[in-house]
1. From Cα coordinates alone, what are the radius of gyration and Dmax values for the chain in angstrom?
2. Averaging sequence separations of C-alpha pairs under 8 Å and six or more residues apart, then dividing by the length of region 324-408, give the relative contact order as a whole percent.
3. So for the chain, averaging the separation of alpha carbon pairs under 8 Å that are six or more residues apart and normalising by length, what relative contact order in percent results?
4. Between Leu358, Ala64, Phe169, whose Cα lies farthest towards the positive end of the dipole of the chain when Lys and Arg beta carbons carry +1 and Asp and Glu beta carbons carry -1, centred on the Cα centre?
5. Within the P(r) computed for region 324-408, what percentage of the Cα pairs occupies the region above 17 Å?
6. Name the residue farthest towards the positive end of the dipole of the chain from the options Ala387, Leu151, Asn283, assuming +1 on Cβ of Lys and Arg, -1 on Cβ of Asp and Glu, about the Cα centre.
7. How big is region 192-266 by the Kirkwood estimate over distinct Cα pairs, in Å?
8. Against the longest alpha carbon principal axis of the chain, how many degrees, from 0 to 90 and to the nearest 10, is the axis of helix 284-296 turned?
Amino acid sequence: MSRHPVFLLIVIIFTANLVACYGPGTKHGKEIRADARARIAIFNSQLAYDQAMQAFRTGQFDKAMRQIDGALKLTPDVPEFYILMGRIFMETHRLEQANKAFVKAIELNPNSADSHYYLGIVYQRWSNEQSAYEYYIKAHELDNSTVQFVLAAAESLIALSKFDEAQLFIESKMDYFEHNASMKQLLGQIALLLGNAADAAQIFTEARLLNPDDEMLLEELAHAQYVAGLYGKCYDSVKQLQRLKKGFTLETKQLEARCLVALGRTTEARNLYLELTRSDPSNTELWIELGSLAWEIGDFRRTALCSVRIVALAPHRYEGYMLKGIYEREKGNLDQATSLLRQSAALSNDVALPHMVLGRTLEENGDVKGALGAYANALRADPDNQAAKELFQGLSYAPNLSKLPGRP
């Protein structure tokens, strides 16, 4: 179909010549005029569609809607017109109307992969992941060469917590999309969700070979490396990320500090945490990590300062009371420490550490029965915690407290 305005002039001249030859009142002349009107309508509707698409791409949604309405009045049975209308409705948050437009497009062309794909997006926004998946997978079946359909279907499976199925689905498509970084990136994300951080780090590394300029991919690689315990590599990735202008964020600085702690570079880590808490003083996680580091290196004054900030920012969390209790225990105020640590343990839910610290404090205060109860609670919170097992068993079988393991 020509889209050039000259085409319209040609049609008019050609029609006029034919009518002149066959006569306007003849049956054949009427057929020619009807055919010409249809051709002109098709041309004008296509022109309106092109203008609507241009307006849509530049965010002029009202203008785009007026143009596509005009196109549909001229030729109401073109599925692509309804697809564009549905997309305009989606962008203006009118999902019911978008749904109707995409359904109409499918009625006109059941083999339209785009119609199924966009209808999947509507159901995804309605949080109906199962229906979204069904439309995405149908779009993929109709057009198996478009990677976006594969990614959308896999992401719906992830939203449905079907991680193994999503992994198998992506892997089954890798031969066709082996050079697509987004496919590998999603495969890495699935590996993380399955708890395979080392595999995720390897997959993200492979994805970066295909798309080395993707900062988000580099950030995901750094996090996977940290979870996998690859602290040296994580640190290198973080520094590389920070060399990129957009990658220099508080989040990457915090990850750098965590790597420094894991690598035993505690002085550098402490200085970096001090810088971070000055930059973002309302960030509870930063104060918790700085307080924990201060405890680890024996800086109990800073441990106490951090505990005050944590309790003020997050009074429902256990860490602030635990760090304050540790400070009071270090000062020899065992009764006050015990009270604070009991408060911490009550808030800790499934975390063993506050119970373990409470148990050690009760031991020091001569309350063996209370300490056993605290260690038992630690094991209830985290049955696989080896340190809690050793403390409990040590106290159970060695009444002589001088032979107990050191504090956690």
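1. 33.1, 120
2. 23 percent
3. Numbers: 518 pairs, mean separation 19.4, N = 408.
Reported as a whole number, the value is 5 percent.
4. The one lying farthest along the dipole's positive direction is Ala64.
5. 39 percent
6. Result: Asn283, furthest along the dipole toward the positive end.
7. Here the Kirkwood hydrodynamic radius works out to 12.2 Å.
8. Result, in degrees: 30.
Read-outs: derived from the displayed coordinates by stated rules, not from any lab. Since the structure is predicted, the reported quantities are computational estimates derived from the model, not experimental observations. We place every Cβ from the backbone using ideal geometry, glycine too, and count neighbours over all the protein chains shown.
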